[in-house]
Amino acid sequence: MRYLEQKPGPFWWTRNIRYFIYFVREIAGIMLGLSTLTIIWCLFQSRLMSDQNISMILETITFYSFWIAMGSSIIHSFTWLHAIPRIMPFTLSRTGQKLVYLILLAVWIGLSWLAIVTIFAPISHA
Amino acid sequence: MKNFTLKIQRYDPETEKVYFEEHTVPYAKDLTVLDALNHIKEKTSAEIAYRWACRMGMCGSCGAIVNGKPALMCSTFCRTLKQPISLQPLRNFPVIKDLVVDTDDAMDKFREAMPYTEIQKRHINEKDETLQTPKQLKQLKQASQCIKCMLCYSACPVYGLNKDFIGPAAGALAQRYNKDTRDKIKDKRMDSVTGKNGVYKCSFIGECSEVCPKSVDPAASLQKLKVAGMFHAVKKTARTVIKKHEKNLHEIP
């Protein structure tokens, strides 16, 4: 009697779509964290640096990091919001789960829009 | 189609040799993978080892990896599968021989879920029966359908990585008894399933629910236990603080 496969190999997440979605969800979380840290680091550095060339490089890094952060946050939020209806204290039917998911998405989009308006509207006016 | 081809993974415990063996079975519309295996055992290769009993998806004995996915062989029709049909023993378990695996470890995990109730006797009822309303039964029915086939353990990469993890079926079982209105040991059970290798190790991949032949949805049960575990921890801490406070009050001269 022995284990034919001691532990899942490094590519276990390619075995099926659910493993893959999980992997993408978690990678998106890591990417979001890393790109946010990069943006913060670039902002601090650009304040300290007076060299224009370095500032340009930092701006480019910030630009790409921003898009990575945005893409990752969308993937991470969508996948987690999709999971939330299943962890409700009450049992929902498939239709009920879809409805809760749509409500959560609408709330999330609404809050994001509100955050963007609150943060960027004063900046654009200035 | 004239024949089905089955590619069966063999494991000889004496020589420790692992190899694939191909067999063909005559086509039949309602042939299940288990029927095909029985045909092979009867006609060509009598020494193939596999478990089976009820042939109707109730006993949970005939679990195997069919074309890369954990499934009950008796509930899987050959005509629905891509050819050749590959058969392997369940993942994450030590193999005894061919398709027979040792599931003792996962079975032991069920003890941690404390799958029993301490029935409160109601004297208002003539025969001390503890009746349940259909509404109360509905709360636990889904989780109570588990047949311990171990497909969920086989599909769980977290269990594959950490054999100490309580696992999906044990989580579903704990949730089933937590939801039982006759239960009196919920706190003890919560302490047991929210321990170091308890439900919080689950990373909610959800494949366990996908492969479950009885739609038990162990992934959801584990997530619900996580939420319940959080409340349980808060309640437990509050109780300790209150007790300590009461003790301090009594000690004041």
**Q.** Positions within segment B:191-211 being touching a Phe, Trp or Tyr at 6+ places or on another chain (Cβ under 9 Å) and away from chain A (no Cβ under 14 Å), in sequence order
**A.** B:T194, B:N197, B:G198, B:K201
Q) Looking at (1) surrounded by fewer than 17 Cβ atoms within 10 Å (Cβ to Cβ); (2) away from every other protein chain (no Cβ under 14 Å), can you tell me which one B:K138 breaks? A) (2)
Q) Going through segment A:5-34 one residue at a time, which ones are in contact with a Gly (Cβ under 9 Å, 6 or more places away or on another chain) and among the small types (G, A, S)? A) A:A28
Q: Of the conditions (1) closer than 25 Å to B:K69 by Cβ; (2) within 10 Å of another protein chain (Cβ to nearest Cβ), A:F11 clears all except one; give me its number.
A: (2)
Q.
Checking the structure you have, find out if any residue of segment B:64-85 is in contact (Cβ under 8 Å) with a residue 12 or more places away in the chain, open to solvent by less than 70 Å² (accessible area, probe 1.4 Å), at positive phi and out of contact with any Phe, Trp or Tyr (no Cβ under 7 Å at 6 or more places or on another chain).
A. yes
Q.
Can you find, within segment B:185-231, the residue that is most open to solvent (accessible area, probe 1.4 Å) among those that are charged (D, E, K, R) and under 29 Å from A:I27 (Cβ atoms)?
A. B:K196
Q: Select from segment A:14-26 the residues that are closer than 11 Å to B:E207 by Cα and open to solvent by less than 50 Å² (accessible area, probe 1.4 Å) and list them in ascending order.
A: A:N16, A:Y19, A:Y22
Q) Can you spot a residue in segment A:60-79 that is under 24 Å from B:A228 (Cβ atoms), part of a helix (DSSP H, G or I), touching a residue at least 24 places away in the same chain (Cβ under 8 Å) and within 14 Å of another protein chain (Cβ to nearest Cβ)? A) yes
Q. Applying the selection to segment B:21-30, what residues are surrounded by fewer than 14 Cβ atoms within 10 Å (Cβ to Cβ) and either under 15 Å from B:K2 (Cβ atoms) or free of Cβ contacts under 8 Å to residues at least 60 places away in the same chain (or both)?
A. B:P26, B:Y27, B:K29, B:D30
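From the list B:V95, B:V33, which residue is over 19 Å from B:C212 (Cβ atoms) and open to solvent by less than 60 Å² (accessible area, probe 1.4 Å)?
Exactly one of B:V95, B:V33 is over 19 Å from B:C212 (Cβ atoms) and open to solvent by less than 60 Å² (accessible area, probe 1.4 Å), namely B:V95.
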Q: Would you confirm whether any residue within segment B:236-247 is within 14 Å of chain A (Cβ to nearest Cβ) and in a helix (DSSP H, G or I)?
A: no
Q | segment B:46-102, residues that are out of contact with any Leu (no Cβ under 8 Å at 6 or more places or on another chain), hydrophobic (A, V, I, L, M, F, W, C) and either within 14 Å of chain A (Cβ to nearest Cβ) or within 19 Å of B:L31 (Cβ to Cβ) (or both) | A | B:A53, B:C54, B:M56, B:L81, B:F93, B:I96, B:V100
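Given the criteria among the polar types (S, T, N, Q) and part of a loop (DSSP other than H, G, I, E, B), does A:T91 qualify?
yes
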Q: Show the residue pairs that are 6+ apart or on different chains and have beta-carbon atoms under 8 Å apart, the first residue being within segment B:97-119 and among the acidic types (D, E), the second being assigned to a helix (DSSP H, G or I) and open to solvent by 30 Å² or more (accessible area, probe 1.4 Å).
A: B:E112/B:S192
Q: Being β-branched (V, I, T) and more than 18 Å from A:H76 (Cα to Cα) is the filter; apply it to segment A:1-45 and report the residue that is farthest from the chain's Cα centre (by Cα).
A: A:T14
Q: Those residues that are within 19 Å of B:A219 (Cβ to Cβ) and assigned to a helix (DSSP H, G or I), I need them from segment B:162-188; list them, please.
A: B:P168, B:A169, B:A170, B:G171, B:A172, B:L173, B:A174, B:Q175, B:R176, B:Y177, B:N178
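The values are calculated or read from the model by the stated rules, or taken from the named source; none is laboratory data. All of these numbers come straight from a predicted model, not from anything done at the bench. Glycine also receives a Cβ, built like all others from the backbone with ideal geometry; neighbour counts cover every protein chain displayed. Each accessible area value is taken on the protein alone, full model and side chains, heavy atoms only, with ligands, DNA and RNA left out. Shrake-Rupley method; radii C 1.70, N 1.55, O 1.52, S 1.80 Å.
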